[in-house]
Structures are given as structure tokens and as C-alpha cells.
Amino acid sequence: MRIRSRSVISAAFAAAMAAACYAPAHAADTLKIGVVATLEGPLSTLGEDAVRGVKTALKAVNNMAGGRQIEVIYVASDATPDSAVRAVRKLVEEDKVDLVIGPVSGDEGIAIKDYAKTQPNITFLNGQSGAQDTTYRNPAPNFFRFTADGAQQMAGLGSYIYDVKGYKKIATVGDDYSYPYTQEFGLVVEYCSAGGEVTQRFWPPLGTKDYSSIITALPDDVDAIFVALGGADAVNFVTQYVEAGGKAKIVGGAIMVDQTVLSAKGEAKNALIGTVSAGVQADTWDDPKWQAYVKAYQDAFPPDQRFPIPSASATTYYDSIMAAFTVLNQINGDLSDGQKKFRDGLKALTLDAPNGKLHLDDNRQGIVTNFVTEVVEGPDGNLATKVVKVVENVNQQLGIDPAVFATIGAPSRDVPECKKYK
């Protein structure tokens, strides 16, 4: 995976905007969509593939939905809440978009959810961001998330590493913000309920380049390390861990085994083979809908301008915008009356997505299909995830009694406790 300079990212973003803004004006028969993606900062590779996911969807519908021509405006964020709010304010207040798709990062999602409450006539559809609080606490009535939160993305993994892999004791390392907190929440609830022990938790800042102090402090008496890092952070950690002689098995958070990381070269690539994880997709799944989506993504971009397989960033943005297109076609593009028909349609929709069926709960949060996976090397030399187990109908309470789930508390550095929950 190449870590691009800011100037290259900016140039790519400018080109994307130019390519996307193909409608000459916001006419009455034009649907104007704003897309927020992390095109700057440590998660820029995720944002770039999110844009590819949107463009794959646009090609699939021939740039039309509900009988209306589509115009897309892309704006960059850098994974911080302030940048995301600035981006979405521009889309809503200056560009006058009808809908917003995004963002990528967990903290960004919470910030945009709060902003959505000030814009009741605009509908917001989440991209990839997976913080629990985006939809579970104080949700916005006009914010919809057709993908899993970070805890749901871990469904099936905790019991698998305890019962099948035999990892009885682990330590964890995660970026210090809401999405990794939520990922660890999901893992710990299931793993500790199965009987596992979490000995230590480490929270380096997002964008850390030198992990030597954390690697030195990692305990030797663990069976595995759960790593909830993404993008450049994940590559840096794994490379440095291997160079330091680390021997523990790695269990990956969802974006730890994403194509944004698996496409890395060198020490990180070799170390990731055999890593078990879970998330919203399995790269080599043999389902026909998934295979057709992968081919559509591959056909939409030259090989040197995409990943071998779409990342979760591409897939979650694709799912969100295809949900919007599906409902717009059902209602003939009618966004009148504060977009009431559109929102009612989203609430009722079961999306037969490439990565499994998706529908919404009462908080407009996805009830999803999840995948436990293992990293393998393909015949072409590229790394990918293969299916170990498919877990269907994963809700935000992770199958725990809602009253019990509410007592656990919000995901944080030390919540949840490692104990039995179910």
C-alpha cells in the first residue's frame, strides 16, 4: 500500500471532483448528492476507495435514480470531527445537496449525526463510520446507517478465537478514538463471555508512526494480540512488531485486514497471513452477488488505480448509496415534504446487498450479515480474506437482552469490562 503525499492526495481529490461534477446545474430533474470521505490524513487510503465504491454504484445505475440525473460532489475530510463538519456544512449550506453520504471515521460519524439534527430537510446516509454512539444514543431522525457499527463487525470473532483457535488470553492495541473503542467492545463482550481474558489494553493516538514503546510494553504471556488499527497505522504497527521479533498471533479488527492494509508490501504482508478477523465482507466469498460486485469494481478502474478487491470502505459506501437509489426508484424521485417518502422507504427497505441482506432497526441502524475470516495468499500473490463463518441478522445489541446491553455503558478505553454478558 502506498502512503501518498498530501499534494498527490489533493491532486487526486481535485480530479475526482472534476470527474464527478458532470451536471451543469442543479436543475429540478437533477439529484444532487454530497459525499464526505477521508481524502487526507492517516485514513486517506480508505477514503479513496470509498470514492471508488460510489463511482461503481453510479456506473451500475447509469447515473440515474428515480428518473433523475445524478450529480455528485466529493469533499475531503481528514478523520477529525471538525474537518467532517466543515465538509458537510459546505455540501449542505453552499452546494445545496439533496442527500449526504459519509463519513469514513467513527468520530466523524458522531459529529455529522449531531449536525444532521440541525438540517431536518436533508437525509444523511452513513458511509463506513462505525462508532456505536452514532445511532445507539441520541440518534438523529434523518441519519441512516445501512452497515454495522464496530461492535457488530466483531460478531462471531470472540467465540471463534476462544473455542476454535484456543486463544485464552489476549492483549489489545487500538487507535484512541470511538471506532476502535466500539470494535473492542464487540470483541470483549463475546470473548470474555466465552471465558477469555484480556490482560492489557493499549490506545496509541490516531496517526502514530512509532509504536516501539507499545511493542516493548506488550506482555509476553498472551496467546494473541487484538489489533484495531487501520490504514497507515496498521501497516506501521505490524511492520515494527515483526521487526522487533514479536511472536504472538495477531487477531485483526475489521479494517486491519482490509485491502487498504492487505495490499501493503514487505514485512507487514507476510505477517498478516493467517490472521483471523471479522467484518462486513469476506474478499473471496463465492456468493454470486458478491462476485458480480467485485467484477463491477474491477471493471470500473484500471488495475493500478484500485485494489485487487474492493475494501470495506468501497463496499459500505456502495451499499449506502445503492439503498438510496433503490428507494428513489420506488418513489419516482419524490423528495417533497421534507423527504418523507424517501425516509419511509429507507426504514422499510431490506437491501439485498453484495455482502448480505441489510435492514434497519428503530434507530435506523443496520441489522447486518457479518463474516468471520482468515487472511490467505491467493494464487496471484495478493492477500485476501476467506470465509470462516457467516453470522446473519446481527443487531446492535449483539443478541444480548436490550436491558442488559444498556447497562454495559458506552464504548471507551476501559468499557466493557472483561466478564460474562451472555
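Quick notes on this one:
- Normalised contact order of the stretch 303-402, rounded percent, pairs of Cα under 8 Å and 6 or more residues apart: 16
- Overall form of the stretch 190-274: prolate. Here a/c, set by the Cα gyration tensor axes a ≥ b ≥ c, is 1.5 or more, and a/b is the larger of a/b and b/c.
- Once the chain from Gln330 to Ser212 is taken as fully extended at 0.36 nm per residue, the excess over their C-alpha distance is 37.1 nm.
- With K and R counted +1 and D and E -1, the other residues having a Cβ less than 10 Å from that of Ala84 yield a net charge of -2.
- Within the shell of other residues whose beta carbon sits under 10 angstrom from the beta carbon of Asn138, the net charge comes to +1, with Lys and Arg scored +1 and Asp and Glu -1.
- Check: the stretch 41-82 dipole with +1 on Lys, Arg Cβ and -1 on Asp, Glu Cβ, in debye: 320
- Rolling a 1.4 Å probe across the protein heavy atoms gives the stretch 242-339 an accessible surface of 38 Å² per residue.
- Relative to the current alpha-carbon distance between Asp380 and Asn63, full extension at 0.36 nm per residue lengthens the span by 110.8 nm.
- Solvent exposure of the stretch 80-236 as accessible area per residue, Å², 1.4 Å probe: 30
- Neighbourhood charge, 10 Å Cβ-Cβ cut-off, centred on Ser277 and excluding it, Lys, Arg +1 and Asp, Glu -1: -2
- In this simple spin-label model, placing a label point 7 Å from the Cα along the Cα-to-Cβ direction at both Asp82 and Thr30 gives a separation of 3.3 nm.
- Seen through its C-alpha gyration tensor, with square-root eigenvalues sorted a ≥ b ≥ c, the chain comes out prolate because a/c lies at 1.5 or above while a/b is bigger than b/c.
- Of the residues Asn370, Ala353, Gln339, the one whose Cα sits farthest towards the positive end of the charge dipole of the stretch 333-376 is Gln339 (charges of +1 on Lys and Arg Cβ, -1 on Asp and Glu Cβ, taken about the Cα centre).
- When only alpha carbons are used to place a centre, the stretch 134-196 and the stretch 44-79 end up 28 Å from one another.
- Carbon/sulfur fraction of accessible area - the stretch 162-254, other protein chains in place, 1.4 Å, %: 47
- Rounded FRET efficiency, nearest 0.05, which uses the C-beta distance separating Gln200 from Thr118 and R0 of 30 Å: 0.15
- Restraint check, Lys347/Lys422; Lys59/Lys289; Lys247/Lys420; Lys168/Lys209, Cα-Cα greater than 18 Å: Lys347/Lys422; Lys247/Lys420; Lys168/Lys209
The values are calculated or read from the model by the stated rules, or taken from the named source; none is laboratory data. All figures in this text were calculated on a predicted structure; none of them were measured in a lab. So basically every Cβ, Gly included, is an ideal-geometry build from the backbone, and we count neighbours across all protein chains shown. Just so you know, the surface numbers come from the protein's heavy atoms only, side chains and all, with ligands and any DNA or RNA stripped out. Shrake-Rupley method; radii C 1.70, N 1.55, O 1.52, S 1.80 Å.
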